[in-house]
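Working notes, beginning with the structure itself.
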Amino acid sequence: MKTNQSFFLLTALLLSAGVYAMDSNEKFTTLDHDNNGFITQDEAGADSVLAVTFKKWDKDKNGRLSKEEYNEYHNEI
């Protein structure tokens, strides 16, 4: 069981590291899986830091991040 947890955490960190290697627009596009111009809480799960801090960046509290809200996040990390 511990091995599975360790594997999951390592995989999540590696995937997140890949996301951080891109510029803001590329990251936004990668996270916006349905290409609707917003990142939902579910889509944010691909970025471990964003997933945990999503509500902080969702300034208008509509349950999704606009490109502007995402850029605020990106500029601060």
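If you take the residues in the stretch 17-47 that are among the hydroxyl-bearing types (Ser, Thr, Tyr) and under 23 Å from ASP60 (Cβ atoms), which one is modelled with the highest pLDDT? The extreme case among them is THR40. Residues that are at negative phi, assigned to a loop (DSSP other than H, G, I, E, B) and modelled with pLDDT under 95 do occur in the stretch 65-77. Has the stretch 37-55 got any residue that is assigned to a loop (DSSP other than H, G, I, E, B) and among the hydroxyl-bearing types (Ser, Thr, Tyr)? No: the stretch 37-55 contains no residue that is assigned to a loop (DSSP other than H, G, I, E, B) and among the hydroxyl-bearing types (Ser, Thr, Tyr).
The values are calculated or read from the model by the stated rules, or taken from the named source; none is laboratory data. A quick note: this is a predicted structure, and the numbers were derived from the prediction, not measured. Backbone-built Cβ (ideal geometry, glycine too); neighbour counts: all protein chains shown.
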